[in-house]
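What follows is calculated from the coordinates using simple rules that are stated; it is not laboratory data. Fair warning: this is a prediction, and the values are worked out from it, not measured in the lab. Cβ: placed from backbone, ideal geometry, glycine included. Neighbour counts: every protein chain shown.
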Amino acid sequence: MSGALSTDASRGHIVGPTDEFELEARRRGYRWIAGLDEAGRGPLAGPVVAAAVILPTRCRLAGVDDSKQVSEPERARLYEVIVQRARGVAVGVATEQEIDHLNILEATRLAMCRALASLTLQADYLLIDAVTLPDLAIPSRSIIKGDTLSISIAAASIVAKVTRDRMMVAYHRAYPEYNFLSHKGYGTEEHLLRLTQHGPCAIHRRTFAPVAQLLCGDGGFSRTGLDEAPRTIP
């Protein structure tokens with residue numbers, strides 16, 4: 001049943017992430033299994049944030065799922081539960097400048113490596129959501145849609161999402177004209193409208209298409225915001 005979603009036989013309903021991948025790794029002799037996931041690959045602004053979470057054996061975290069399937073208030077509650085119950089939790093960040101310099105995949109890998117390096121408990125096996133980390137000596141398993149299958153990856157997805165959202169709330173205070181509080185930097189209709197009105201700011205990703213198009217002169221905006229240093233985050 002490895003790699004498949006568990007179901008409630010009486011109802012035929014998917015019950016969400018389990019610890020099956022973690023138990024399989026422990027049967028192979030590994031002790032400290034870290035789940036890794038990221039938040040923020042798709043937005044037009046702000047960093048990409050990765051989280052690494054090591055859970056205790058047979059850890060039950062009711063409600064933990066792919067962060068996209070969990071409401072914002074519930075994510076905040078689960079974040080506190082995960083931090084309290086996990087053996088290890090750490091985050092890593094790659095900035096918008098690093099994203100532009102490296103590309104989003106390599107920046108995501110960089111953020112994941114930084115999260116792993118920040119763990120106080122050294123992981124000996126990794127479960128990663130859809131990404132490979134080829135330069136690491138630690139054995140790993142990349143799982144497509146891992147945040148819906150592995151409890152450790154799902155927990156990491158929530159930690160990464162809550163951490164990044166809080167960063168974008170802080171950026172909203174520095175750049176209120178873009179209303180990052182609402183869309184967290186994703187390319188919503190509102191964000192695209194404000195981007196056209198005000199032009200990119202210092203935290204916009206210059207290589208992402210809507211921003212790059214404006215930089216090429218399609219939007220006719222002032223470049224002043226890009227020439228300034230990032231505003232202080234309160």
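Observations, loosely collected:
- With each label modelled as a point 7 angstrom along the Cα→C-beta vector, the residue 102-residue 173 pair spans 2.8 nm.
- Globularity ratio of the range 15-101, using Cα Rg and 2.2 N^0.38 Å: 1.23
- Over the range 53-160, the Kirkwood radius and the radius of gyration, each from Cα atoms, give a ratio Rg/Rh of 0.95.
- Annotation: amide H of residue 90 within the under-5 Å range of 52, sequence separation 5 or more or interchain, hydrogens built in the peptide plane.
- The range 22-105 - charge dipole about Cα centre, Lys and Arg +1 at Cβ, Asp and Glu -1, debye rounded to 20: 720 debye
- Amide H contacts of residue 127: 34, 35, 36, 141, each under 5 Å away and 5 or more positions distant or on a separate chain (H built 1.01 Å from N in the peptide plane; Pro and chain starts excluded).
- When the GluC sites (Glu not before Pro) in the range 19-61 are filtered for DSSP coil states and for at most 12 other beta-carbon atoms within 10 Å of their beta-carbon, no site remains.
- The chain: relative contact order as a whole-number percent, Cα under 8 Å and 6+ apart: 24 percent
- Rg/Rh for the range 103-223 (Cα atoms only, Rh after Kirkwood) is 1.06.
- Scattering from the range 51-104 was approximated by placing one identical point on each alpha carbon and applying the Debye formula without solvent; log10 I(q)/I(0) at 0.26 1/Å stands at -1.02.
- Using just its DSSP H runs of length 4 or more, each adding -39500 (n - 2.57), the chain gives a mean residue ellipticity at 222 nm of -12000 deg cm²/dmol after division by all residues.
- P(r), alpha carbons of the chain - 5 Å bins starting at zero, rounded %: 1, 7, 14, 17, 17, 14, 10, 8, 6, 3, 1, 0, 0
- Among the trypsin sites (Lys or Arg not before Pro) found in the range 72-108, not one is both in a DSSP coil and sparsely packed, with 16 or fewer other Cβ atoms within 10 Å of its Cβ.
- Look at where the Cα atoms of the range 85-103 and of the range 128-189 average out, and the two centres are 9 Å apart.
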